[in-house]
1. I need the full set of residues from region 234-283 which are under 15 Å from residue 186 (Cα atoms), aliphatic (A, V, I, L, M) and in contact with a Pro (Cβ under 9 Å, 6 or more places away or on another chain), in order please.
2. Quick one: what pairs do we get from region 54-71, first residue surrounded by fewer than 12 Cβ atoms within 10 Å (Cβ to Cβ) and modelled with pLDDT of 90 or more, second in a loop (DSSP other than H, G, I, E, B) and not charged (D, E, K, R), C-beta under 7 Å, 6+ apart or different chains?
3. Regarding residue 303, is this residue within 17 Å of the chain's Cα centre (by Cα) and touching a residue at least 60 places away in the same chain (Cβ under 8 Å)?
4. When you check residue 92 against the structure, is it outside the structural domain of residue 50 (by TED's automatic domain parsing) and modelled with pLDDT of 80 or more, yes or no?
5. How do the pairs read when you match residues in region 199-228 that are of a type in the set (Lys, Arg) with residues anywhere that are at pLDDT below 95 and loosely packed, with under 14 Cβ neighbours inside 10 Å, using Cβ under 7 Å and keeping only pairs 6 or more apart or on different chains?
6. Spot the failing condition for residue 210; the list is (1) surrounded by fewer than 18 Cβ atoms within 10 Å (Cβ to Cβ); (2) touching a His at 6+ places or on another chain (Cβ under 9 Å), and only one is missed.
7. Take the residues in region 105-123 that are surrounded by fewer than 20 Cβ atoms within 10 Å (Cβ to Cβ) and not acidic (Asp, Glu); name whichever of them is modelled with the highest pLDDT.
8. Is it the case that residue 27 is at pLDDT 90 or above and surrounded by 12 or more Cβ atoms within 10 Å (Cβ to Cβ)?
Amino acid sequence: MVSENGPRPGERKQFSVTAEDAGTRLDTYLACQAPGQSRSRIQKLVEDKLVLVNGTECEDKNYRLKEGDQVSLTIPPPAGASIEGEDIRLDVIYEDSDLLVINKPRGMVVHPGPGHREGTLVNALVHHCDDLSGIGGVMRPGIVHRLDKDTSGLLIAAKNDFAHRSLSDQLKAREIQREYIALVHGQVSPGAGRIEAPIARHPRHRKKMAVVAGGREAVTRYRAVKYYPNYTLLKIKLETGRTHQIRVHLSHLGYPVVGDETYAKGGKGDLPDELLAAQALHARRLAFTHPRTGETMQFSAPLPGPFKKVLTWLKNR
């Protein structure tokens with residue numbers, strides 16, 4: 001059943017699923033309930049955690065509704081009214097009229113959200129750029145892909161919709177190459193492999209992700225670079241890009257990322273507290289095709305100082 005009056009920007013509206021709509025896909029249902037919002041726009045709102053099903057954030061746009069489900073949708077206000085630019089220093093590796101490549105520091109949240117309205121990469125980008133693409137949604141202008149707060153390294157931001165569409169298509173086609181360096185607990189065996197395990201929201205701890213049967217496809221490749229007593233340095237390549245994918249996959253194997261407060265029960269292990277302020281995970285290399293020129297673009301970012309200090313300590317102890 002189509003609604004004549006969808007939610008206004010900034011308003012949260014709730015819908016109760018009837019028997020008539022049971023079995024309908026979530027994105028299809030909400031596109032009917034919110035006139036003027038396309039299915040692709042609804043899918044972005046799902047990704048931005050602005051859709052709740054029975055009071056819980058739903059990340060599955062393909063979810064099939066059940067009679068009695070309570071679905072709520074928030075249409076965010078215009079970007080100009082929501083995000084203030086902030087004069088925050090950016091480590092810009094590359095910039096042209098279409099895109100930027102940024103070396104994000106550990107501890108910086110990529111885009112505003114609950115509890116993080118200021119000090120994010122998006123706040124810095126809004127101040128730095130005259131314009132950013134709007135495809136990523138109101139809270140994520142220009143953001144093609146994300147890094148976790150405590151993961152450092154390279155990511156791409158798009159300045160216009162043309163560049164954003166091209167880069168997003170490359171991401172979906174697994175044509176963007178992303179390489180990470182991680183220090184993990186334990187002696188990883190075998191020393192190289194391919195992790196293929198579906199990821200979804202943890203069934204009990206809703207702020208965590210987990211390997212869950214029926215979750216979204218997730219594929220990670222890894223190779224041991226160096227072994228230390230009780231630790232392994234890994235080179236990691238992503239085939240997909242699910243939330244917390246590397247951290248969840250490595251923890252699932254029994255080799256969690258050092259310093260990961262969410263998925264590593266051992267925390268920092270026997271590392272001195274002063275050596276590591278956050279998780280030892282860094283997006284080191286990035287390669288993609290430039291949307292306008294067709295040129296292959298390749299970038300790298302050195303390990304941050306604290307990460308290098310940890311490796312030096314492990315080498316010399």
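The values are calculated or read from the model by the stated rules, or taken from the named source; none is laboratory data. Bear in mind that the values here come from a model prediction, so they are computed numbers and not experimental data. Cβ sites come from the backbone with ideal geometry, for glycine too, and all protein chains shown count toward neighbours.
1. 250, 264, 280
2. Pairs found: 68/17.
3. no
4. yes
5. Final answer for the pair search is 206/56.
6. (1)
7. Residue satisfying both the conditions and the ranking: 105.
8. Answer is no for this residue.
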